[in-house]
Amino acid sequence: MGKTLLVTGGAGFIGVNFCNYWLNRYPNDQIIALDILSYAGNRHSLEQAEKNDRFQFVTGDILDQALVEKLLREHKVDDIVHFAAESHVDRSITGPDLFLETNIIGTHSLLKAARQVWLTEQTEERHRFHHVSTDEVYGSLTADDPAFTETTTYQPNSPYSASKASSDHMVRAYHHTYGLDVTTSNCSNNYGPFHFPEKLIPLCIINILSGKPLPIYGDGQQIRDWLYVEDHCRGIDLVLTSGRAGETYNIGGNNEKANIDLVKSLCSLVDARFADEPALKQRFPDAPASNNQPSDTLITYVTDRPGHDRRYAVDASKAFKELGYEPAETFEKGLGKTLDWYLANENWWRTVLDGSYRDWIDEQYGS
Ligand code: NAD
Ligand code: DAU
């Protein structure tokens, strides 16, 4: 018999990819996806998962402890994989309150539910709470600093990363104080299908296709460590199934890129696709490549993000040594697959941008 997972934030970027990954990888397992369907949560993205009778979607809030307890009991949930969060740094700068509410109080509410059902009521069974966190909790590196390890001091710099750091501490505390079986993974920047178009890579893909400016914050020399989302899902799988209780594991791409170099690579990739496929010019007449211009003419330097972290780099050697984790996708191939996904799923991003995917969800599932 397979396991049942409760996946919070299952309608967000990584949550959707994780549900698809897990349903394929473990044909006997069930998934209950819990998501409040915030602006970033899109049930339309779960179309593939919803076709599977081992998948069930529940619209709800991780802050609703009674609902989570009910789900844990009724579905005899084995493990929780906790993605639900407010995830965008820029939004945390303009409106930090929701980040504290969702990321800190929301995580604590889930921990309370898990403690009640798993430690008080179902004392015979083995359960795990896996918390999905970020490399941003470690703060910013200079060019010469070694990459973040699991023992790097937490120095979060944005309201987003401070809220994730707080949630990491609560997860740790529930293990040490109450004996809850927990693991945490701290991952670098993901990219791939279903990425919400406020984040750098999907924003730039869509802006190139639409002939709009590509906003580069500050000097564009900030460095991120990019990881294809499926590699993250596999890393979480390894931690969830084989990681040691109470431990944290860094997951990274071993793939540091300066923002400006990444955006220029993306521009070249789009130009090459347009050269190979002339039909793209009819579909995207405003793209520079449709008007004999290189896409990088859209690059526009704009005011920097306040408190912008300069460099992230993840040392994932603990996950490699203990769990055999290694990223499988190269950046060149991963970026190409991502671009192809956005070209093939124009309807997805157009409806996300204009909000009309919500009409589709109402038609399919009722409001
Ligand atoms: P996302 O913003 O795309 O998705 C978050 C999801 O959580 C959305 O579907 C949203 O509706 C849901 N949600 C928000 N508040 C909720 C609530 N109160 N109750 C239930 N659901 C709620 O984010 P993402 O990029 O998929 O990130 C998922 C997780 O991974 C986050 O915890 C994030 O901190 C972490 N992470 C992300 C990255 C990355 O590069 N995207 C890297 C490392 C870690
Ligand atoms: O490191 C992991 C984190 O990666 C996750 O925890 C976050 O949830 C996720 O959003 C991401 O955070 P970043 O702030 O690094 O991602 P974002 O795509 O917003 O920005 C990537 C880099 O590009 C960052 O240095 C800011 C810069 N940027 C971003 C945008 C949206 C720009 O220069 N211009 C832009 O328009």
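The values are calculated or read from the model by the stated rules, or taken from the named source; none is laboratory data. These figures come from a predicted structure and were not determined experimentally. Virtual Cβ from ideal backbone geometry, glycine too; neighbours counted across all protein chains shown. The protein model used for the area step is the full one, side chains on, heavy atoms only, and it has no ligands, DNA or RNA in it. Shrake-Rupley method; radii C 1.70, N 1.55, O 1.52, S 1.80 Å.
Here are a few things to note about the model shown:
- In the stretch 90-158, the inverse of the mean reciprocal separation of distinct Cα atoms equals 15.0 Å; this is its Kirkwood hydrodynamic radius.
- Cα convex hull volume per residue for the chain (Å³): 136
- Helix 259-276 axis, angle to the chain major axis (alpha carbon atoms, nearest 10°): 60
- Apolar share of the accessible surface for the stretch 247-367: 46 percent from carbon plus sulfur atoms, 1.4 Å probe.
- With all pairs of separate Cα atoms included, the stretch 127-273 yields a Kirkwood hydrodynamic radius of 16.9 Å.
- Alpha carbon convex hull of the stretch 188-323, projected area averaged over orientations, nm²: 9.7
- Taking the protein heavy atoms of the stretch 154-233 in the context of the full set of protein chains, the accessible area attributed to carbon and sulfur is 51 percent at 1.4 Å.
- Diffusion coefficient of the stretch 73-197 by Stokes-Einstein, Kirkwood radius over Cα pairs, 4 °C, 1.567 mPa s: 83 µm²/s.
- Structural descriptor for the stretch 114-160: relative contact order 32 percent, calculated from alpha carbon pairs under 8 angstrom and at least 6 residues apart.
- What you get for the chain, charging only the Cβ of Lys and Arg (+1) and of Asp and Glu (-1), is a dipole of about 160 debye around the Cα centre.
- Rounded to the nearest whole angstrom, the semi-axes of the ellipsoid equivalent to the stretch 40-105, taken from the Cα gyration tensor as √(5λ), stand at 26, 17, 9, largest first.
- Nearest-ten-degree value, helix 200-210 long axis tilted from longest Cα axis of the chain: 40
- Only alpha carbons enter this Debye calculation for the stretch 286-329, each as an equal point scatterer, and the log10 of I(q)/I(0) it gives at q = 0.28, 0.32, 0.33 Å⁻¹ is -0.99, -1.09, -1.12.
- The charge dipole of the stretch 206-361, taken about its Cα centre with unit charges on the Cβ of Lys, Arg, Asp and Glu (plus for the first two, minus for the last two), comes to roughly 180 debye.
- GNM on the chain, alpha-carbon springs under 10 angstrom: the most fluctuating residue among Glu121, Glu136, Glu247 is Glu121.
- Exposure rank, largest accessible area first [Leu238, Leu23; 1.4 Å]: Leu238, Leu23
- Reported value for the stretch 234-286: 157 Å³ per residue, from the convex hull of its C-alpha atoms.
- Only Lys, Arg (+1) and Asp, Glu (-1) charged, at Cβ; the stretch 1-155 dipole about Cα centre in debye: 540
- Farthest positive-ward along the chain dipole, Cα basis, beta-carbon charges - from Leu240, Gly252, Val314: Leu240
- Looking at the chain alone, DSSP beta bridges between its own residues are antiparallel in about 10 percent of cases.
- Cα-derived Rg to Rh of the stretch 1-53, Kirkwood definition: 0.95
- Structure note, pairs Lys164/Lys257; Lys257/Lys318; Lys112/Lys337; Lys76/Lys318: Cα-Cα distances above 29 angstrom occur for Lys112/Lys337; Lys76/Lys318.
- Rg/Rg_ref, the stretch 270-367, where Rg_ref = 2.2 N^0.38 Å and atoms are Cα: 1.55
- Heavy atoms of the protein chains alone define the surface here; on that basis the stretch 38-180 has 45 Å² accessible area per residue at 1.4 Å probe size.
- For the chain, the longest principal axis of the alpha carbon atoms and the long axis of helix 65-74 meet at an angle near 70°.
- Normalised Debye scattering of the stretch 150-193 at q = 0.15, 0.26, 0.33 Å⁻¹ gives log10 I(q)/I(0) of -0.48, -1.03, -1.20, counting only Cα atoms as equal scatterers and leaving out solvent.
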